[in-house]
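J.: Have a look at the structure that comes next, please.
The values are calculated or read from the model by the stated rules, or taken from the named source; none is laboratory data. All values reported here derive from a predicted model rather than from experimental measurement. Neighbour counts are summed over all protein chains in view; Cβ atoms, including those assigned to glycine, are modelled from backbone coordinates with ideal geometry. Side chains are part of the model used for accessible areas, which takes the heavy atoms of the whole protein and leaves out ligands, DNA and RNA. Shrake-Rupley method; radii C 1.70, N 1.55, O 1.52, S 1.80 Å.
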Amino acid sequence: MSTFRTVSHLPDHLNETVTLRGWIRAIRSSGKIRFVEFRDGTGTCQCTVEAIHPEAFAALEHCGQETSLALTGSVREEPRSPGGVEVSVEKVSIYQVAEEYPISRKEHGIDFLMQHRHLWLRSPRQEAILRVRHRIITAAREFFDLDGFTLIDTPIFQPGAAEGAGTLFDVDYFGSPAYLAQTGQLYLETAAMALGKVYCFGPTFRAEKSKTRRHLTEFWMIEPEVAFYELEDLEVLSENFLSHIVQAVLKHNRADLESLGRDISVLEKIQAPFPRVSYSEAVELLHDPDLHAKLESELADEKDRCQGLQKEISEKEAQLAQVSKAWKVEKLKKEIQELQDQVKELERWIANQPAHIEDAKSFEWGSDFGGDEETILSKQFESPLIVTEYPKEIKAFYMKENPADPRTVRNLDVLAPEGYGEIIGGSQREDDLEKLLVRMEAEGMDIEPYQWYLDLRRYGSVPHGGFGLGIERTVSWICGLKHIRETIPFPRLMGRMQP
Ligand code: 4AD
Ligand code: MG
């Protein structure tokens with residue numbers, strides 16, 4: 001028996017005999033040779049089985065996609081093969097001949113794929129996204145670990161709201177009401193008073209009745225909290241943090257980004273410092289006639305692009321009528337489908353954009369930015385944009401009132417470029433007991449359940465602050481995905497709990 005190896009290590013074992021364990025991604029036969037596209041979670045490689053090894057050749061006779069097996073053979077250099085190597089197989093040992101696999105190479109609708117999420121994870125695209133997700137989480141934790149932060153685990157069952165009562169999931173806690181954590185922040189603040197620099201990382205829950213490409217009901221958030229940090233310190237922390245994450249992905253996951261079709265040059269520009277605007281300046285930007293002209297001309301360009309795509313579809317349809325070879329028909333049909341999807345999406349965007357431009361023009365100081373305003377703002381910059389000092393009324397009770405303009409708070413949102421919108425939200429915290437009490441009363445909050453939180457303002461209160469980064473929105477942006485549902489292994493969305 002030769003040694004077990006993984007696909008990722010094959011280039012180190014040229015001309016050796018190895019055994020691989022994994023699954024068949026695709027198999028085809030051509031006369032006396034079978035070609036197996038083999039995968040094992042570390043990569044994909046082509047394996048050939050020739051009829052001169054009759055047992056091995058016969059063993060694959062009835063094996064289809066996702067059959068699990070071990071293959072033994074010698075590793076050859078093969079520049080045309082993905083990964084640059086190929087395995088000439090002499091021995092095949094089957095774990096299980098898979099039943100007919102529901103996910104094939106043909107296009108499947110998103111509902112079908114979501115229902116088969118447990119199997120969909122095996123596709124190259126989902127593998128790549130999960131690896132990038134892993135890297136983002138590792139790099140995020142590494143950033144804080146290297147900078148003297150202590151990890152603090154905050155509770156998931158909580159007695160009250162931190163981010164507004166409207167998005168709480170309630171649970172029956174032995175007959176008393178309790179809620180799933182919207183954030184670890186309030187607890188983390190207490191730990192910052194003990195340890196100085198702390199962070200938490202865990203699942204958070206929002207009963208958001210939003211069916212958008214940015215909202216999950218269960219998502220993962222990493223939150224730093226630092227004693228003596230003020231807003232300006234948080235701005236610097238957030239830009240260094242995000243730059244570190246992007247650099248780590250570029251360093252370790254370039255191949256994954258390429259396989260996702262991500263424009264890597266855009267990510268290479270992400271370097272601290274990031275531009276900063278206040279909320280009020282952002283509102284001025286939305287009202288700027290130059291911006292409106294730019295948006296109108298972008299709209300005209302996209303209309304042209306849409307027409308170009310439609311022309312391409314007609315041309316391919318004409319070709320389709322001429323070809324007869326089955327594989328060519330398949331290929332053309334697939335290309336047409338992809339173009340039609342692009343057109344559909346573009347048409348939706350074109351139909352909505354005039355209203356978005358109008359919304360920008362009539363945006364009133366004091367309203368919250370919706371996804372559309374964030375998209376317009378973040379598209380104006382090549383790097384993430386730090387927006388600070390939002391109106392107090394639209395922000396959480398714990399945010400520190402801005403002494404320079406008490407209508408606003410000392411908070412920051414970081415908007416990812418290319419229209420991805422908010423990925424970080426945070427603030428300096430109200431450290432003045434009286435001010436905090438006034439604010440909580442104005443919000444109609446019951447003070448009693450928060451006495452422990454108020455104690456921080458009684459026993460050695462200091463300026464402090466922090467923020468939260470949503471892992472899934474970050475994955476979405478870095479991978480260049482259209483929807484958040486592919487950023488987490490098993491997405492929980494309004495209207496989806498299965499599988
Ligand atoms: O802006 P948010 O609500 O801030 C907080 O929870 C603060 N307590 C964090 C802090 O200061 N420690 O959420 C922070 C981030 C958002 O910027 C976004 O990336 C993500 O969490 N997020 C969501 N991601 C997916 N689905 C949702 N429904 C999300 N809501 C927030
Ligand atoms: Mg926010």
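J.: GLY465 - would you say it is open to solvent by 10 Å² or more (accessible area, probe 1.4 Å) and either under 28 Å from the mean Cα position of the chain (by Cα) or assigned by TED's automatic domain parsing to the domain that holds ARG262 (or both)?
T.: Judged against the criteria, GLY465 is not a match.
J.: Separate question: Going by the structure shown, is TYR95 among the hydroxyl-bearing types (Ser, Thr, Tyr), outside any loop (DSSP other than H, G, I, E, B) and surrounded by fewer than 17 Cβ atoms within 10 Å (Cβ to Cβ)?
T.: yes
J.: Checking the structure you have, find out if any residue of segment 117-126 is within 19 Å of the chain's Cα centre (by Cα), among the polar types (S, T, N, Q) and either surrounded by fewer than 17 Cβ atoms within 10 Å (Cβ to Cβ) or modelled with pLDDT of 95 or more (or both).
T.: Yes, there is a match, as at least one residue in segment 117-126 is within 19 Å of the chain's Cα centre (by Cα), among the polar types (S, T, N, Q) and either surrounded by fewer than 17 Cβ atoms within 10 Å (Cβ to Cβ) or modelled with pLDDT of 95 or more (or both).
J.: Of the residues GLU223, GLU208, only one is within 16 Å of ligand 2 (Cβ to nearest atom), among the charged types (D, E, K, R) and not in a loop (DSSP other than H, G, I, E, B); which?
T.: Just one listed residue meets the conditions, GLU223.
J.: Which ones in segment 166-180 are of a type in the set (A, V, I, L, M, F, W, C) and assigned to a strand (DSSP E or B)?
T.: Answer for segment 166-180, where residues must be of a type in the set (A, V, I, L, M, F, W, C) and assigned to a strand (DSSP E or B): VAL171, ALA178, LEU180.
Residue-by-condition table, conditions (1) within 14 Å of ligand 1 (Cβ to nearest atom); (2) surrounded by fewer than 14 Cβ atoms within 10 Å (Cβ to Cβ); (3) at pLDDT below 95:
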{"position": "ARG133", "(1), (2), (3)": "yes, no, no"}
{"position": "GLY160", "(1), (2), (3)": "yes, no, yes"}
{"position": "GLY166", "(1), (2), (3)": "yes, yes, yes"}
{"position": "PHE169", "(1), (2), (3)": "yes, no, no"}
{"position": "SER176", "(1), (2), (3)": "no, yes, yes"}
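J.: Hey, another quick one. List every residue pair whose Cβ atoms lie under 8 Å apart, where the two residues are 6 or more positions apart in sequence or sit on different chains, the first residue falls within segment 357-375 and is over 20 Å from PRO417 (Cβ atoms), and the second residue, located anywhere, is in a loop (DSSP other than H, G, I, E, B) and among the hydroxyl-bearing types (Ser, Thr, Tyr).
T.: Final answer for the pair search is ASP368/TYR390.
J.: For segment 417-447, which positions are open to solvent by less than 40 Å² (accessible area, probe 1.4 Å), over 16 Å from GLY160 (Cα atoms) and either part of a loop (DSSP other than H, G, I, E, B) or within 13 Å of ligand 2 (Cβ to nearest atom) (or both)?
T.: Of everything in segment 417-447, those that are open to solvent by less than 40 Å² (accessible area, probe 1.4 Å), over 16 Å from GLY160 (Cα atoms) and either part of a loop (DSSP other than H, G, I, E, B) or within 13 Å of ligand 2 (Cβ to nearest atom) (or both) turn out to be PRO417, GLY419, TYR420, GLY421, ILE423, ILE424, GLY425, GLY426, SER427, GLU430, ASP431.
J.: Given the conditions (1) in contact with a Phe, Trp or Tyr (Cβ under 6 Å, 6 or more places away or on another chain); (2) surrounded by fewer than 20 Cβ atoms within 10 Å (Cβ to Cβ); (3) not assigned by TED's automatic domain parsing to the domain that holds PHE144, report the number of the one that HIS244 does not fulfil.
T.: With (1) in contact with a Phe, Trp or Tyr (Cβ under 6 Å, 6 or more places away or on another chain); (2) surrounded by fewer than 20 Cβ atoms within 10 Å (Cβ to Cβ); (3) not assigned by TED's automatic domain parsing to the domain that holds PHE144 applied to HIS244, the lone miss is (3).
J.: Please determine, by comparing only the residues of segment 40-60 that are open to solvent by less than 30 Å² (accessible area, probe 1.4 Å) and more than 20 Å from PRO79 (Cβ to Cβ), which one is farthest from the chain's Cα centre (by Cα).
T.: Among those that are open to solvent by less than 30 Å² (accessible area, probe 1.4 Å) and more than 20 Å from PRO79 (Cβ to Cβ), it is ALA56.
J.: Give segment 197-229 a look and list any residue that's among the polar types (S, T, N, Q) and open to solvent by 10 Å² or more (accessible area, probe 1.4 Å), or say none.
T.: SER210, THR212, THR217
J.: List the number of the failed condition for TRP477; all other conditions in (1) surrounded by 20 or more Cβ atoms within 10 Å (Cβ to Cβ); (2) away from ligand 1 (no atom under 16 Å from the Cβ); (3) hydrophobic (A, V, I, L, M, F, W, C) hold.
T.: (2)
J.: Out of the residues in segment 466-489 that are part of a helix (DSSP H, G or I) and of a type in the set (Lys, Arg), state the one that is farthest from ligand 2 (Cβ to nearest atom).
T.: Looking at residues that are part of a helix (DSSP H, G or I) and of a type in the set (Lys, Arg), I get ARG485.
J.: It is to be established whether one or more residues within segment 330-340 are open to solvent by 90 Å² or more (accessible area, probe 1.4 Å), more than 21 Å from the chain's Cα centre (by Cα), among the hydrophobic types (A, V, I, L, M, F, W, C) and not assigned by TED's automatic domain parsing to the domain that holds ARG429.
T.: no
Residues are listed down the side, and each one gets a yes or a no for (1) polar (S, T, N, Q); (2) touching a Pro at 6+ places or on another chain (Cβ under 7 Å); (3) more than 22 Å from LEU216 (Cβ to Cβ):
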site	(1), (2), (3)
PRO391	no, no, yes
ARG407	no, yes, yes
ASP413	no, no, no
GLU430	no, no, yes
ILE447	no, no, yes
PRO463	no, no, yes
HIS483	no, no, no
MET494	no, no, no
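J.: Say whether the condition of being open to solvent by 10 Å² or more (accessible area, probe 1.4 Å) and within 28 Å of the chain's Cα centre (by Cα) is met by at least one residue in segment 448-461.
T.: Among the residues of segment 448-461, not one is open to solvent by 10 Å² or more (accessible area, probe 1.4 Å) and within 28 Å of the chain's Cα centre (by Cα), which makes the answer no.
J.: Now for a separate question. Considering only segment 376-416, state which residues are more than 15 Å from ligand 2 (Cβ to nearest atom) and in a loop (DSSP other than H, G, I, E, B).
T.: LYS379, GLN380, PHE381, GLU382, SER383, LYS400, ASN402, PRO403, ALA404, ASP405, PRO406, ARG407
J.: Which condition breaks for ILE270 when tested against (1) out of contact with any Lys or Arg (no Cβ under 6 Å at 6 or more places or on another chain); (2) assigned to a helix (DSSP H, G or I)?
T.: Failed condition: (2).
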